[in-house]
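The block underneath contains the structure these notes are about, expressed in structure tokens.
The values are calculated or read from the model by the stated rules, or taken from the named source; none is laboratory data. Quick caveat, the model's predicted, so the values are computed rather than measured. Here the Cβ positions follow ideal geometry from the backbone for every residue, glycine too, while neighbour counts run over all protein chains shown.
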Amino acid sequence: MRSVVLLFALPISCAPIAIHPSSTLVSAEVRGPTATPNPDLTRSTSDTQEIADLISETMRVIHLPAFERNLRAVSSDFGPIAQSPFGQRLPSSVIADLYAGRDPAYSFYPARVTWTEGEGASSTGGDGIIRLSKLVHDNWRAGSTMRRSLAINSLAHELSHTLSSRRDMLSMVFVDRGFSFGWLRGRPPIASYTIGSVAQCTFLEEHGQMAEGLSACLRRYGVWHFTPPQFD
Ligand SMILES: [Zn+2]
């Protein structure tokens, strides 16, 4: 039986930091998350290529104008977005600026991405290594737009955990550790899950598969939790 805690990050601190959005944003240059495949000699060349392809496609999606538009629009229906389950609540426009790297007070720790073995959840460590679960690997390899959208959700989500309040180490700004779907549901959307689902829905929209509209798509794929089991 699956755990209700479907995905979690491994923050180096459980106490949410206070976000102080800067009044001076860097608008000319988008400086969002960065990621490369984690060198892993035990992995096959095809595994590494699949990681590179997923990174490339996820980066492409989160830099689409439609992704920005969709993320900024979330609060119009869902209200403020929570930085973490006990963290600050911010307009989705601020979340979008943070995720695009426009706030000079915050920066992205360079991520290295690898597949994990077994059935464990995806996670992001304080070392900046994103470990994507076998489920995500299976979704990406399946090849359909639907299954690939799920993998893009996962990586866009994990990349949100690499936003750091410090430049010398990864001090996570967006945290979601260890809270059940049942506890979170009905509370403000959680930034990390919302970002992942906005990326997924934007990808589906691009492929003509978001006829239900953004809000319904986000409710389907989750703003309080990772992708529901029925979509795994
Ligand atoms: Zn997470």
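Worth a mention:
- Matching residues, region 74-132, being among the charged types (D, E, K, R) and either touching a residue at least 40 places away in the same chain (Cβ under 8 Å) or buried (at least 19 other Cβ atoms within 10 Å of the Cβ) (or both): ASP77, ARG89, ASP97, ARG102, ASP103, ARG112, ASP127, ARG131
- Within region 97-113, the residues that satisfy the criterion of being within 16 Å of the ligand (Cβ to nearest atom) and not in a loop (DSSP other than H, G, I, E, B) are LEU98, TYR99, PHE108, ALA111, VAL113.
- All told, TRP140 falls short of being in contact (Cβ under 8 Å) with a residue 40 or more places away in the chain, hydrophobic (A, V, I, L, M, F, W, C) and over 22 Å from CYS201 (Cα atoms).
- Restricting region 30-51 to residues that are in a loop (DSSP other than H, G, I, E, B) and of a type in the set (A, V, I, L, M, F, W, C) leaves a set whose member that is farthest from SER107 (Cα to Cα) is LEU41.
- Among the conditions (1) hydroxyl-bearing (Ser, Thr, Tyr); (2) without any contact (Cβ under 8 Å) to a residue 60 or more places away in the chain; (3) surrounded by 24 or more Cβ atoms within 10 Å (Cβ to Cβ), the only one that SER164 does not satisfy is (3).
- Any hit, region 129-138, residues being in a helix (DSSP H, G or I), acidic (Asp, Glu), more than 11 Å from the ligand (Cβ to nearest atom) and at pLDDT 95 or above: no
- The number of residues in region 114-127 that are within 14 Å of the ligand (Cβ to nearest atom) and either part of a loop (DSSP other than H, G, I, E, B) or of a type in the set (Gly, Ala, Ser) (or both) comes to 6.
- Failed criterion for GLN200 (all others in (1) modelled with pLDDT under 95; (2) not in a loop (DSSP other than H, G, I, E, B) hold): (1)
- Considering region 176-197, and only residues there that are away from the ligand (no atom under 14 Å from the Cβ) and assigned to a helix (DSSP H, G or I), the residue that is surrounded by the fewest Cβ atoms within 10 Å (Cβ to Cβ) turns out to be GLY182.
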